[in-house]
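Novice: Before I ask anything, let me first share the structure, which is written out below as structure tokens.
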Amino acid sequence: LSDWSRRHSEAVVSTQSTGDLKECCKELQTCQTFHLIISYLLEIGNFLRQAQDDGFDLQFLSKVADIKDTVKKQTLVHHIATMMHSNHPERGDLHKEIGHTHRVGRIIFDEMEASISKMDELCDNCWEHLRTISKHTSSTNEVLQKQLTFLKSAAERINTLGVVMKRVRNRYYNLLLFFGIDPVKKFIPPDEFCRVISEFALEYRTAIESVIQEQAKKKKMKERRKTRGIKITDVKNSKEVKEKGGSTVENNGVQEPNNSKKKGIFGKTKSNVTQETPETPDEVTWSLEKALNKSEGPRKRTRLKSKMNQRKSLRRTLKNGLTEEELIAAGIK
């Protein structure tokens with residue numbers, strides 16, 4: 001009886017996962033993100049194989065992460081994530097949408113069904129032992145009455161567990177048929193089926209995060225290229241001029257747009273109106289230097305003279321000799 005009660009408690013805890021399997025079947029049948037990913041994967045497979053197949057085995061999802069292209073060596077999951085992000089940016093993370101599928105993948109349903117059947121067998125043996133005990137004891141025994149009450153409630157629970165398992169199993173069969181798998185010809189256990197999808201969802205989440213980071217980096221570099229080679233002050237001035245000039249003026253309830261503007265050098269705006277925007281001191285200095293350089297014309301390069309140009313060669317001095325004045329200055333005479 002103690003062994004049976006231990007198995008009963010284990011079976012009650014394990015059968016709580018039948019609710020997860022029920023919700024898992026609903027998730028996979030209604031998850032639009034998962035359906036779009038499968039459709040893209042089918043289109044890519046038909047394009048590569050030059051075929052027009054109607055479907056593929058879902059166990060192929062475990063091999064998608066190992067397939068890479070020959071140019072950039074990116075996985076097939078990365079390409080699917082790129083297509084999903086560009087065509088369906090509103091779709092969220094697949095890994096978060098199928099939470100019950102992850103829990104079902106960690107449960108072994110064969111052992112759970114075997115535990116329920118073993119518990120039913122032990123319950124029948126307990127009834128036989130209880131009948132034998134009741135022959136040698138009085139019917140008013142309190143221990144006997146407690147055991148009888150416990151076995152009645154346990155038998156009802158076992159029957160209920162059997163009915164629940166049968167209904168959940170039928171739901172899982174309908175899920176396999178929904179994905180084009182015949183459970184009679186090829187039966188896949190629920191834990192193995194959900195584990196494949198769970199691992200693929202984890203790979204997809206990693207790929208979609210890398211795609212989002214890569215596109216954000218490209219967008220940032222594109223914005224930086226627009227201001228490359230331009231001074232910070234000029235960029236600020238051009239933004240201020242755009243903000244001031246972009247506003248419309250209301251006269252008697254009628255909005256009149258400003259005159260058209262053209263972008264000049266260093267981001268400075270030029271207007272067709274007679275009024276010009278005030279220039280900064282750096283721009284004025286730069287324009288004056290440019291005007292002076294144009295007026296002077298090309299400068300002539302002059303060769304610099306050496307500071308030691310007055311030095312005389314000792315070799316020529318010894319060869320030609322010294323004058324008398326030089327000998328006197330040197331102290332020789």
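Novice: Give E142, E199 a once-over and let me know the one that is open to solvent by 60 Å² or more (accessible area, probe 1.4 Å), of a type in the set (D, E) and in contact (Cβ under 8 Å) with a residue 40 or more places away in the chain. So that I can check it myself, show each step before the final result.
Specialist: Numbers: E142 fails: in contact (Cβ under 8 Å) with a residue 40 or more places away in the chain.
From the options E142, E199, the qualifying one is E199.
Novice: Separate question: Can you pull out every residue in segment 151-184 that is touching a residue at least 12 places away in the same chain (Cβ under 8 Å), over 17 Å from S117 (Cα atoms) and assigned to a helix (DSSP H, G or I)?
Specialist: Scanning segment 151-184 gives R171, Y172, N174, L175, L176, F178.
Novice: Considering only segment 26-46, state which residues are touching a residue at least 40 places away in the same chain (Cβ under 8 Å) and either more than 19 Å from V168 (Cα to Cα) or not polar (S, T, N, Q) (or both).
Specialist: Those that are touching a residue at least 40 places away in the same chain (Cβ under 8 Å) and either more than 19 Å from V168 (Cα to Cα) or not polar (S, T, N, Q) (or both): E27, L28, C31, Q32, T33, F34, L36, I37, Y40.
Novice: Has segment 164-179 got any residue that is on the phi > 0 side of the Ramachandran plot and of a type outside the set (D, E)?
Specialist: Let us first name the residues in segment 164-179 that are on the phi > 0 side of the Ramachandran plot, namely none.
Looking for residues that are on the phi > 0 side of the Ramachandran plot and of a type outside the set (D, E), one finds none in segment 164-179, hence no.
Quick grid of which residues meet (1) closer than 30 Å to L161 by Cβ; (2) open to solvent by less than 30 Å² (accessible area, probe 1.4 Å); (3) in a loop (DSSP other than H, G, I, E, B):
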site: N46; (1), (2), (3): no, yes, no
site: L61; (1), (2), (3): no, yes, no
site: V71; (1), (2), (3): no, no, yes
site: H100; (1), (2), (3): yes, no, no
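Novice: Residues E90, E156, E111: which one is surrounded by fewer than 16 Cβ atoms within 10 Å (Cβ to Cβ), at pLDDT 80 or above and farther than 30 Å from L41 by Cα?
Specialist: E156
Novice: Let me ask something else about it. Across segment 174-192, which residue is farthest from the chain's Cα centre (by Cα) among those that are aromatic (F, W, Y) and open to solvent by 70 Å² or more (accessible area, probe 1.4 Å)?
Specialist: The residue in question is F187.
Novice: Same structure, new question: Checking E128 against (1) in contact with a Phe, Trp or Tyr (Cβ under 6 Å, 6 or more places away or on another chain); (2) over 19 Å from L21 (Cβ atoms), only one condition comes out false. Which one?
Specialist: Looking at each condition in turn, E128 falls short on (1).
Novice: Still on this structure, please answer the following. For V104, only one of the following conditions fails: (1) touching a residue at least 60 places away in the same chain (Cβ under 8 Å); (2) out of contact with any helix residue (DSSP H, G or I) (no Cβ under 8 Å at 6 or more places or on another chain). What is its number?
Specialist: (2)
Novice: So how many residues does segment 151-188 have that are charged (D, E, K, R) and touching a Leu at 6+ places or on another chain (Cβ under 8 Å)?
Specialist: Residues flagged as charged (D, E, K, R) and touching a Leu at 6+ places or on another chain (Cβ under 8 Å) within segment 151-188 amount to 2.
Novice: A follow-up question, please. Which of the residues that make up segment 193-232 are more than 26 Å from the chain's Cα centre (by Cα) and assigned to a helix (DSSP H, G or I)?
Specialist: Across segment 193-232, the qualifying residues are K226, I232.
Novice: Given the criterion under 33 Å from the mean Cα position of the chain (by Cα) and within 27 Å of L21 (Cα to Cα), identify the matching residue among D110, D120, D93, D69.
Specialist: It is D93.
The values are calculated or read from the model by the stated rules, or taken from the named source; none is laboratory data. These figures come from a predicted structure and were not determined experimentally. Reconstructed Cβ throughout: ideal geometry from the backbone, glycine too, with neighbour counts over all protein chains shown. Side chains are part of the model used for accessible areas, which takes the heavy atoms of the whole protein and leaves out ligands, DNA and RNA. Shrake-Rupley method; radii C 1.70, N 1.55, O 1.52, S 1.80 Å.
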